[in-house]
1. Collect the residues in segment 113-141 that are of a type in the set (Asp, Glu) and without any contact (Cβ under 8 Å) to a residue 40 or more places away in the chain, keeping them in residue-number order.
2. Since Leu60 meets every condition but one in (1) under 24 Å from Asp133 (Cβ atoms); (2) part of a loop (DSSP other than H, G, I, E, B), which condition does it not meet?
3. Given the options Ala293, Ala319, name the one that is touching a strand residue (DSSP E or B) at 6+ places or on another chain (Cβ under 9 Å), assigned to a helix (DSSP H, G or I) and in contact (Cβ under 8 Å) with a residue 60 or more places away in the chain.
4. Kindly indicate which of Thr41, Thr92 is touching a Leu at 6+ places or on another chain (Cβ under 9 Å) and within 26 Å of Ser218 (Cβ to Cβ).
5. Looking at segment 267-275, can you tell me whether even one residue there is part of a loop (DSSP other than H, G, I, E, B) and either β-branched (Val, Ile, Thr) or under 18 Å from Gly118 (Cα atoms) (or both)?
6. Would you call Ser288 assigned to a helix (DSSP H, G or I), surrounded by 15 or more Cβ atoms within 10 Å (Cβ to Cβ) and among the polar types (S, T, N, Q)?
7. Does segment 16-34 hold any residues that are exposed (fewer than 14 other Cβ atoms within 10 Å of the Cβ), touching a helix residue (DSSP H, G or I) at 6+ places or on another chain (Cβ under 8 Å) and at negative phi, and which are they?
8. Here are the criteria: (1) farther than 21 Å from Met1 by Cα; (2) in contact (Cβ under 8 Å) with a residue 60 or more places away in the chain. Tell me which single one Leu60 does not satisfy.
Amino acid sequence: MKKILNILFEHRSLSRDEAKEVLLEIGKAVFNEHELSAFMTVYLMRSITMPELLGFRDALLEMCIPIDLEDRKAIDIVGTGGDGKNTFNISTLSCFIVAGAGQMVAKHGSYGASSVSGASNLMDHIGYKFKNDQDILRNELDQTNMCFLHAPIFHPALKVVAPIRKNLKVRTFFNMLGPMVNPANPEFNMVGVYNLEMARIYSYLLQIQQKNFMIINSLDGYDEVSLTSDTKIITPAGERIMTPIQLANCLVNPADIFGGDSVEEAATIFLNILNNKGTTEQDSVVISNAALALQLTGKYTDYDDAFAASKESLKSGKAINVLNKLISIQ
């Protein structure tokens, strides 16, 4: 690590191979927490280069426990996190709505590093048991249209750095890697990013992987459709901007999508929304995100139709039924 740190401290960058090698060693727990903290801090002070990002991704994918979904065409809906907005778990809620609408979802997530409650904090709190058994995960998909992939039990390096990320309490480059290393390699990827620089990076990476993708960025800095401002949407076909009125006929204030100050509060908001006890603003935000996801998969070509299907999934109880069945079959 000393050699790598000296390279970085001299304002040089790593090659793709060097980046891959250092992350492989991190996955083997070769370095101590002080070395790892120093390494991660470098990337808080400068932007990560494309070769570095590709090398880190290569290492995570080489070390990960893969999941073969066979012909199950699933989607992952994930935000990079690190936007500092502390919203409720919008992406995770959208996953259950999409699953309730008949689309398979293989959600990849982890514990919150810079937020109060990440997807894994929430799923763990409400009773979902993390697992990396391929047959069990396939069965969950077949029975409920949903499975959850807790990143640290698939990625050794993420497990090693998790305590340090939590202690740092700030965004690190691992936030960027999460959406690129889903061990199930789903057919569709909807990725929320917090700024346009990240959007460009992901657009490049997902295009070279020939992925069916959608990148979304609320222009006031949310890594999801927040309805607090216009949203930029990027797909292989091009870019467009949609207003909150176009997306949900609803303009939302930041306070309306606050996620609470604890995992318990986040879980209460999550369950209230799924049980049709959410506010109009909360419902509109999750339905909008789910609608774009359904549109990405081709299940609905028209956004208004996808919005209607998402709303029906939530309001009819299909979304909460996905959760209840997912917990009960474990």
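The values are calculated or read from the model by the stated rules, or taken from the named source; none is laboratory data. The structure presented is a predicted model; accordingly, all values stated were derived computationally and were not measured. Please note: Cβ atoms are built from the backbone with ideal geometry, for glycine as well, and neighbour counts cover all protein chains shown.
1. Passing the criteria: Asp124, Asp133, Asp135.
2. For Leu60, the exception is condition (2).
3. Within the list Ala293, Ala319, the selection yields Ala293.
4. Working: Thr41 fails: within 26 Å of Ser218 (Cβ to Cβ).
One residue alone meets the criteria, Thr92.
5. No, segment 267-275 contains no residue that is part of a loop (DSSP other than H, G, I, E, B) and either β-branched (Val, Ile, Thr) or under 18 Å from Gly118 (Cα atoms) (or both).
6. Here the answer is yes, as Ser288 does meet what is asked.
7. Of everything in segment 16-34, those that are exposed (fewer than 14 other Cβ atoms within 10 Å of the Cβ), touching a helix residue (DSSP H, G or I) at 6+ places or on another chain (Cβ under 8 Å) and at negative phi turn out to be Asp17, Lys28, Glu33.
8. (1)
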